[in-house]
Amino acid sequence: MKTATVRQPTFASLTQRIANQERRINEGVRSGSLTDPEAASLRERVKAAKAGIDADAFDGNGLTQGKAAQQLLNGLSKDIKSAKHNETMDVSKRVANFEKRVEQGTKDGTLTEAESTKLKSQIAGLKQELAQATTPEAKKAVQDKLKSVNKEIFRARHDSQFDANKRLENFEQRIKAGLADGTLNAKEAARLTGEVAGLKMLDGLGIKSAKLFNRVNRDVFAQRHDGQVDVAKRSASIGSRIDAAVTAGKLTQEQATAFKAELTKLSAEGVQGQGPRLNVLEQQIVSAVMTAPAPSTAA
């Protein structure tokens, strides 16, 4: 009888998990499935896990806190999922997210015109009901409908009805963008380009498999969010993001200086697991931008 091999955590694997948790929290805030207080609490726990791993990396004695960090991240992952599916949500952001997903689905070919029209009608109805909901019971009824529409949007964007040409074009654009911003290295981009070429060949033969298209979609997403990056391009992209955030008033000069100091360190030194660490840094920048106070409109 074979004994299952337990993969031991490494600095790189744990750091990448931290980046993934940060990204899931940021996505939850953008979509309205996480409220700001929920996100703040979850981010503090991510910060605690990162502090433990950073301490191990600093003292040079190896990954002594690896098991504890892994257990913390396992629990955190479950809690992020629970928080994103509980009754607490930012309803206005949720509706705006639905509109954005339908718009994106129409653009990338995952939604047909008929599906898009139907979903837009449902969302318009939700907005009207939301505006008229004045009692807790009425607001709860709208929230229940939000959950139903959320599932319907997901199903429609993953079903067998789609525009193959638009989807193929979308894959190619995302691979090109990944090469440009360093989230894909040359080897990953070549592999993904090969997968897209295979879909094109099948499409030319009249074979349009939703399963295969969805798999390539997941592969492109996964490769653009893993720890394998082009460090030089990734660093340049993150630096540009910091500058843009300062210009937009979303980061203070003090924040920008701190982020750029960390970016310089990760770009210049032989830091173990540069890709995952750069991913963490980017998500920290995203978090800071999302929590920035709104610009003052006072004269």
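No value in this document is a laboratory result; all are computed from the given coordinates. Predicted model, so just to flag it, every value in this text is computed and none were measured. Backbone-built Cβ (ideal geometry, glycine too); neighbour counts: all protein chains shown.
With springs only between Cα atoms under 10 Å, which of Thr257, Thr135, Thr183 fluctuates most in a Gaussian network model of the chain?
Thr135
Sort 70-81, 243-254 by packing, meaning the average of other beta carbons within 10 Å per residue, with the highest value first.
My ranking of the peptides, most packed first, is 70-81, 243-254.
Using a Cα-Cα cut-off of under 20 Å, which aspartates and glutamates could be cross-linked to Lys118, ignoring same-chain neighbours fewer than 8 residues away?
Answer for Lys118, where 20 Å is the Cα cut-off: Glu99, Glu103, Asp108, Glu129, Asp144, Glu152, Asp159, Asp163, listed by chain and number.
In the range 70-107, whose amide N lies under 16 Å from the spot 7 Å out along Cα-to-Cβ of Lys140? List them in ranges.
Those under the cut-off are 86-89.
Could you give the alpha-carbon Rg of the range 164-224 over 2.2 N^0.38 Å, rounded to two decimals?
1.06
Counting C-alpha atoms alone, how compact is the range 91-156: give Rg to one decimal and Dmax as a whole number, in angstrom.
12.0, 39
Could you work out the Kirkwood radius for the range 132-259, taking every pair of different alpha carbons, averaging 1/r and inverting it, reported in Å?
Hydrodynamic radius (Kirkwood, Cα only) of the range 132-259 equals 17.9 Å.
What is the distance, in nm, between label points placed 7 Å from the Cα along the Cα-to-Cβ direction at Lys147 and at Asn165?
4.1
How much FRET efficiency would the formula 1/(1 + (r/R0)^6) give for His225 and Lys47, where r is the Cβ-Cβ distance and R0 is 30 Å, rounded to 0.05?
E(calc), rounded to 0.05, equals 0.90.
So, in the range 149-262, how many Lys pairs have Cα atoms under 26 Å apart, if the pair is 8 or more places apart or on different chains?
22
Hey, can you rank 276-282, 169-175, 12-18 by average C-beta count inside 10 Å, highest first?
The peptides rank, most packed first, as 276-282, 12-18, 169-175.
Spin-label point model (7 Å from Cα, Cβ direction): what's the Lys107 to Lys200 distance in nm?
My value for the distance between the label points is 2.3 nm.
Just Gln128, Gln228, Gln161 to compare: in a GNM of the chain, with alpha carbon springs under 10 Å, which one fluctuates most?
Looking only at Gln128, Gln228, Gln161, the largest GNM fluctuation is found for Gln128.
What translational D, rounded to a whole number of µm²/s, comes out for the range 212-284 from Stokes-Einstein when the hydrodynamic radius is the Kirkwood one over Cα pairs, at 4 °C and 1.567 mPa s?
After rounding, the answer is 97 µm²/s.
Among (i) 31; (ii) 26; (iii) 37, which is the computed percent of Cα pairs over 34 Å apart?
After the calculation, the listed value that fits is (i).
If I model a spin label at Ala248 and Glu87 as a point 7 Å from the Cα along the Cα→Cβ vector, what separation in nanometres do I get?
Once both label points are built, they end up 3.5 nm from each other.
What's the extension gain from Glu172 to Ala68 if we count 0.36 nm per residue and subtract their Cα-Cα distance?
Gain on stretching Glu172 to Ala68: 33.4 nm.
Take the Cβ-Cβ distance between Ser121 and Ala236 as r, set R0 to 45 Å, and report the resulting FRET efficiency rounded to the nearest 0.05.
0.55
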